[in-house]
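The values are calculated or read from the model by the stated rules, or taken from the named source; none is laboratory data. Small disclaimer: the values here were computed from a predicted structure and weren't measured. Every residue, glycine as well, gets a Cβ built from its backbone with ideal geometry; the counts of neighbours run over all protein chains shown.
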Amino acid sequence: MAAGAASLSGKAKEEGCTGKPTIVSGTGLYRCPTQSGVHYFNIPGGAADAGGGGSTRAPTPSNFPKVDSATQKGRDDVRRKVLTDELATEQKLLDEARAAYANGAPSPTAEERNMPQKYAERVVKLKQAVTLHEKNIEALNKELAAKR
């Protein structure tokens, strides 16, 4: 422990720490104040915590809540159903947005015939709606493809 502490204090001094470094929970990083703000560093090949225990993760506490596999599978199934429903909704909204956009040439309204700027603004908004729904669908498909 003394070697880890000596290594830690030496590295802290080298990094310009003005106060005592503290371990960032769940990582091998230390955080310390410096004259220019907060600074993060690690000790390569050295202690990952104040006890010099290396870079292993801390064990899960015995009182940490656990979920049995059947419950987790049920949650995963519900999650998949919600994502699938969202995907169907987004696809419907995309179809509607594409129809309204009409490949960039929607029919102008009576008001827009007299004000071409209003028509141009509506076309831009319709294109943005199409793009938004396409991105949402892409994100949902990516999330559904991810193994959990």
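Scanning region 41-57 for residues that are modelled with pLDDT of 75 or more and out of contact with any helix residue (DSSP H, G or I) (no Cβ under 6 Å at 6 or more places or on another chain) returns Phe41, Asn42. Among the candidates Asn103, Asn63, the residue that is at pLDDT below 95, in the same structural domain as Asn136 (by TED's automatic domain parsing) and either of a type in the set (S, T, N, Q) or not in a helix (DSSP H, G or I) (or both) is uniquely Asn103.
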